[in-house]
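Below is one structure, written out as structure tokens, with a few remarks after it.
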Amino acid sequence: MISQFFVLSLRGDNIVFRDYRGDVPKGSAEIFFRKVKFWKEDEEEAPPVFEAMPLLVESTHLNWPCGNEDNYCYNCGRDYTDPRDSAALSQVSRRCTGQSLCSAKAWELVLCRAAFGLFNLDGVNYFHVKVAGLLFVSTTRVNVSPSLVLELLQRIARVIKDYLGVLNEDSLRKNFVLVYELLDEVIDFGYVQTTSTELLKSYVFNEPIVVDAARLPSLGPAAMFMQGNKRMPGTAVTKSVVANEPGGRKREEIFVDIIEKISVTFSSSGYILTSEIDGTIQMKSYLTGNPEIRLALNEDLSIGRDGRSIYDYSSSAGGGVVILDDCNFHESVHLDSFDIDRTLTLVPPDGEFPVMNYRMTQEFKPPFRINALIEEAGSFRAEVILKIRADFSSNITANTILVQMPVPKYTNRVSFELEPGAVGNTTDFREANKRIEWGLKKIVGGSEHTLRAKLTFSQEPHANLMKEAGPVSMTFTIPMYNASRLQVRYLQIAKKSKTYNPYRWVRYVTQANSYVARI
Amino acid sequence: MAPPALPQKSPSPSQPSGKGEVADLKIQLRQHAGSRAPGADDAKRELFKKVISYMTIGVDVSSLFSEMVMCSATSDIVLKKMCYLYVGNYAKGNPDLALLTINFLQKDCRDEDPMIRGLALRSLCSLRLANLVEYLVGPLGSGLKDNNSYVRTVAAIGVLKLYHISAATCVDADFPSTLKALLLKDSDAQVVANCLSALQEIWSLEAATSEEASREREALLSKPVIYYLLNRIKEFNEWAQCLVLDLVVKYIPSDSNEIFDIMNLLEDRLQHANGAVVLATIKVFLHLTLSMTDVHQQVYERIKAPLLTLVSSGSQEQSYAVLSHLHLLVMRAPMLFSSDYKHFYCQYNEPSYVKKLKLEMLTAVANESNTYEIVTELCEYAANVDVPIARESIRAVGKIALQQYDVNAIVDRLLQFLEMEKDYVTAETLVLVKDLLRKYPQWSHDCIAVVGNISSKNVQEPKAKAALIWMLGEYSQDMLDAPYILESLIENWDDEHSAEVRLHLLTAILKCFFKRPPETQKALGAALAAGLADSHQDVHDRALFYYRLLQYNVSVAESVVNPPKQAVSVFADTQSSEIKDRIFDEFNSLSVIYQKPSYMFTDKEHRGPFEFSEDLGSLSVGVESADTVSPAQRVEASDNDLLLSTSEKEESRGPSNNGSAYSAPVYDGSSISMAASQTQSVPTFQNQALPAYTPQAILAIDDLLGLGPSVAPAPAAAPPPSPPPLKLNPKAVIDPSTFQRKWGQLSVSLSKEISMGSKGAAALTTPQVLLRHMQGHSIQCIASGGQAPNFKFFFYAQKAEEPAAFYLVECVVNTFSSKAQIKFKAEDQSTNHAFSALFQSALSTLGMS
């Protein structure tokens, strides 16, 4: 069970705050935000689950036997409730031993607390996920299942998005009353009731105030929080499940997205060290009457590798068969005929949800080949040559490509040289983290692109320059391409009427998760 | 006396203090209070929104309470909801004003729209005011009987809310038994789930004082209830499924058929997209099969793929939670994961908390066949831009070197690190080379050649510097210029800020002196002088000690400071196996993430419902191997620690289970009969061979307890059990720390082994059976643990008349041999025999009723 749920902006403002059990001292949101912001000196990121002690000075809602009902010092006017003043307590005790006047009351306060055993206050457990530049947080004092709480937070974010169409700080602020309506029904006294967008519909009475998705800045300051988000921006439909279309009539349509995240590591000689595809079939249905849907996948799809090592590449060459290592399904999916003809049957609930997640380590053809070279070019100088070749069909275009490569720490200047006639390229030397960045708007299948960078060093480079630079990493999005060759053969909507022919969108997209070439 | 008003604080400077605005709102709300004009609701909505938004950002709007209540007389449901939210938030601070809301809430509880009834009931129960409980009982009672399931779900949780406000009111109204009836018959799964949540919480809290409640709490774990819930599992939503699975974990099946039935039923839950459901299912599987080694191992094989899928799907946060659990399993049975090592390679964009887990897993699964590839991969990370991870990677390489037989190649890699000339790489590597040399002194020649080339000026980190100095002292006979390097370090004594380094410097120069006296004598003198003048107490003392030792007898000094060393065979594990087992028992909880058992970070009351054996934190116990186990068996038991690593044997047995994720689960007839025959033929010591319950673990517990060495058993001359004249206090209470203290202070007054009779032993299927039984005799249990056939209990009782002395008992029962070993400690020695007789007679009647 959880105690509180809240959503914070990147600046730490509460946008929504709901206390379910009243057993966590106040100020938890601030304590949380400070912890996340200043996790450690070495720029480490705060883990999604951690424990923090409530500051002693914050347990204000107790009735002290000394008759003091607050943490306010009658003599000096000092307010010990201020959580920002973590040193308050040590000062209190120091002053008390120093027989200072102010201490009389404050010392009494400290003694009272000691009498209550409050010096051993147990901590509060904080869970958080970052979605769309917002922090979704939950607290509890119970030893709960961390997976459950993190899933729940992610799910709450999704439900909110289903209702608001677009999830961001702006839309949340405009619709916070609706969000409270949802939160009331999703959790009661810390226990999860339902996260089904569909079931929740009957409890939501506020009309969403829809934020125009087109005007949204694509990334902006939220970018740092987007990094970990494996969900794709842009593919999900920005339409609320409850709001009416401007035309007044709802359009009958269903979206099926096959989203694949690929991870490849190339050795310095271009050999594939590891590769993996993590895929999701995501669905969002706007069909009225909840008809049953049949989704047919490749007939020759096979699952599991018969106990053999899953990295046994030699076995996978046998033409065209898609072999998944493993997969899991949404609970609405019926697998009755899956073993026979690889068909999934389901009645899609409202809102966006993953029909199936799958994982594949079968060998596949990576969409990009990366060739990177660094060599000395005179004293205090070196040259980097980066080559990217797009190994896919020419009617497909990849977009938003970014190639990054760390260069030696003692690099102080870089000049770039692009191929003649290159368009939509950006180059940058990030001085602070000693990294060169090469952005390309789009890459057409079959093409090859080269970047030369001349580095100037502030000192004599080490003998082994290769060890000082790299690896090269790459991010990209390729629409209408999927590396696994998993296909939706057909999407059948079981509804008798002949005139009923809703729009069906089946879209494929591949993104880089960790695409790395060592040098 | 009312405290002076506090200055209004805004939680962040960017937000308004809201004082003026609140006053404004007050006026506007008043204007609209009675208005029934068209459009009034819209205006009110806007006002209410403002109030709620202030509330959210932390501005105190409690002063608007009466205005809000006045405005709430409306049929607009949006307004109603906002008002309920507001009232719930501020009722506590305004108990008198809250009374105003009771009327309209009660009225709404009788509304014909079930939605309104539910909402009103929920708000009514959320007021958290003791003075209003009398108004709750009626609406709750009818809510539980409502024909709408939404109202019933709200009412079930409402009962729990009422219990937290006033337990007595809740119990007096007999709500728990109403919930129990609903639990077993309601057609709506969410009502059932909420009843279960509420009952678990209520009975766990009640059990402390009421015997009946603890019986009820256990009744939830009875076969009919568990089977009833399991048969309906697919009706529950995913969250309620987790709740049910958490309950099933605590159920103890009577035989292996039952175990396989449950596993077959839950098999498809492993394919659920919700990680929480999968982990809860895995916990059931792991715990059910603990005593069936082969099946337990099959479970590991079965859950591997789903876990890996969960790690790579979902958000980064979700995969971290799952990865932590995978980490736990890998650490328990690294051999089973040795072919999956590539899954634990780090990706460059992963956060460091993920990378750290993966590095530990890579270290654990390294064996002869994969070490080369793992170490090659780790070496890539060592040059990483992420310095903390680069350091961790180097440490990982070192750890692998320390656990492998063939360290040849790895030593070469480590030495290559030293050539990278990166400060942190050099520093980490030096520390590792030092440890390596302590385990494999035979490598000294190769290492010294490289280490000798490192200039001590390039080593700044104290740990690394200390390691370098240690090597200089230890191998000064092989390193030509060792005395001179040490000498120059001593010359800069005052610039050396780390006491650790100075301590090492003293020891190293002395070692060097024993090997090469003429070259070192001068430097030694300088070091001792500097040490004696040192302001750090330890450094000063060590210098003085060396000085006097040398003065007394140089050869004695040498045998003290530089004796021949034995190579270290195993470096101490940082975490005791007992702790690890506790974490494993708490699978699918925060314990796994924090890597410590719950008693280290949570209060007893917050450890979650159904925490039976945890009353004492450090005092709870595993299964103690009875003293009848011979030493040879003990050794065998601890060797079997590695039980899970005998995977080869397993793999050769026919087709494995996880061939296809879609074939029906292979917990079929053949494996059942196999397992069944195994249970018959294997002696009961099998249980002790499980990693979870090794004898070492018990020793660790005794240490934790601070109980000191066990006391020699007293002569077994038992007094004839006569009808005891002793009266015990039926409501004796002692807190864990007092118990622990008393246990430490008192000596064992009587220790004996008695036979329980087969009936008693047969009745003892879980520790709780005995707990309840003894409670009936006014003997309370403070901690218990174990699994069949071994259980351990700590009991206490208190004399009814003056002096109210306590009796403390440790009781170890082996149900296989029907024997109980009992140690008594008593504050009042004169009545000790009477008490022990009473205790024994109580014990002997177990299972008779």
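Flag not set for A:Arg359, criterion: in contact with a strand residue (DSSP E or B) (Cβ under 7 Å, 6 or more places away or on another chain) and away from every other protein chain (no Cβ under 11 Å).
Here B:Phe587 meets each of (1) assigned to a loop (DSSP other than H, G, I, E, B); (2) surrounded by 21 or more Cβ atoms within 10 Å (Cβ to Cβ) with one exception, condition (2). Starting from residues that are among the charged types (D, E, K, R) and over 16 Å from the mean Cα position of the chain (by Cα), keep the ones in the stretch A:143-181 and report whichever is nearest to the other protein chains (Cβ to nearest Cβ). Out of the qualifying residues, it is A:Glu181. The set of residues from the stretch A:256-296 being charged (D, E, K, R), crowded, with 18+ Cβ neighbours inside 10 Å and more than 13 Å from every other protein chain (Cβ to nearest Cβ) comprises A:Asp257, A:Lys284.
Quick one: in the stretch B:91-109, of everything that is without any contact (Cβ under 8 Å) to a residue 24 or more places away in the chain and charged (D, E, K, R), which residue is surrounded by the most Cβ atoms within 10 Å (Cβ to Cβ)? Of everything passing the filter in the stretch B:91-109, B:Lys107 is surrounded by the most Cβ atoms within 10 Å (Cβ to Cβ). In the set B:Gly473, B:Gly531, B:Gly525, only one residue is under 18 Å from B:Pro563 (Cβ atoms), of a type in the set (Gly, Ala, Ser), outside any loop (DSSP other than H, G, I, E, B) and free of Cβ contacts under 8 Å to residues at least 40 places away in the same chain; that residue is B:Gly473.
State yes or no: is B:Ser778 modelled with pLDDT of 80 or more and within 24 Å of B:Ala213 (Cβ to Cβ)? Lay out the reasoning, then the answer.
Values: modelled with pLDDT of 80 or more: yes; within 24 Å of B:Ala213 (Cβ to Cβ): yes.
Criteria met by B:Ser778.
All conditions in (1) modelled with pLDDT under 95; (2) of a type outside the set (Lys, Arg); (3) crowded, with 21+ Cβ neighbours inside 10 Å; (4) not in a helix (DSSP H, G or I) hold for A:Asp122, with the sole exception of (3). If you filter the stretch A:1-57 down to residues that are part of a helix (DSSP H, G or I), at pLDDT below 85 and closer than 28 Å to B:Ser123 by Cα, you find that the one that is farthest from the other protein chains (Cβ to nearest Cβ) is A:Ser28. Scanning the stretch B:751-767 for residues that are more than 20 Å from B:Phe824 (Cα to Cα), surrounded by 17 or more Cβ atoms within 10 Å (Cβ to Cβ) and touching a Ser or Thr at 6+ places or on another chain (Cβ under 8 Å) gives B:Gly760, B:Ala761, B:Leu764. In the stretch B:179-204, the residues that are part of a helix (DSSP H, G or I) reach residues that are of a type in the set (Phe, Trp, Tyr) with C-beta atoms within less than 7 angstrom, at least six apart or across chains, in these pairs: B:Leu184/B:Tyr228; B:Ala189/B:Phe236; B:Ala193/B:Phe236; B:Asn194/A:Tyr191; B:Ser197/A:Tyr191; B:Gln200/B:Phe610; B:Ile202/B:Tyr163; B:Ser204/B:Phe610.
Looking only at strands (runs of 3 or more DSSP E) that lie completely in the stretch A:422-517, which have at least 1 residues being within 17 Å of A:Ile370 (Cα to Cα) and either within 12 Å of chain B (Cβ to nearest Cβ) or of a type in the set (Gly, Ala, Ser) (or both)? Walk me through it before giving the result.
Values: elements: A:425-430, A:435-444, A:448-457, A:472-479, A:488-494, A:503-517.
By residue number, A:435-444, A:448-457, A:472-479, A:503-517.
Whether any residue in the stretch B:224-232 is in a helix (DSSP H, G or I), within 14 Å of chain A (Cβ to nearest Cβ) and surrounded by fewer than 24 Cβ atoms within 10 Å (Cβ to Cβ) is what I want to check. No: the stretch B:224-232 contains no residue that is in a helix (DSSP H, G or I), within 14 Å of chain A (Cβ to nearest Cβ) and surrounded by fewer than 24 Cβ atoms within 10 Å (Cβ to Cβ). Scan the stretch B:794-808 for residues that are within 11 Å of B:Asn832 (Cβ to Cβ) and surrounded by fewer than 20 Cβ atoms within 10 Å (Cβ to Cβ) and the total you get is 1.
Just one of the listed residues (B:Ser589, B:Ser559) is of a type in the set (Ser, Thr, Tyr) and farther than 30 Å from B:Ile782 by Cα, and it is B:Ser559. Of the numbered criteria (1) touching a strand residue (DSSP E or B) at 6+ places or on another chain (Cβ under 7 Å); (2) crowded, with 23+ Cβ neighbours inside 10 Å, the one B:Lys342 fails is (2). The single condition among (1) closer than 22 Å to B:Lys465 by Cβ; (2) among the acidic types (Asp, Glu); (3) surrounded by 12 or more Cβ atoms within 10 Å (Cβ to Cβ) that B:Glu558 does not meet is (1).
The values are calculated or read from the model by the stated rules, or taken from the named source; none is laboratory data. Everything quoted here is computed from the prediction, not taken from an experiment. Cβ coordinates were reconstructed from backbone atoms using ideal geometry, including for glycine residues, and neighbour counts include every protein chain displayed.
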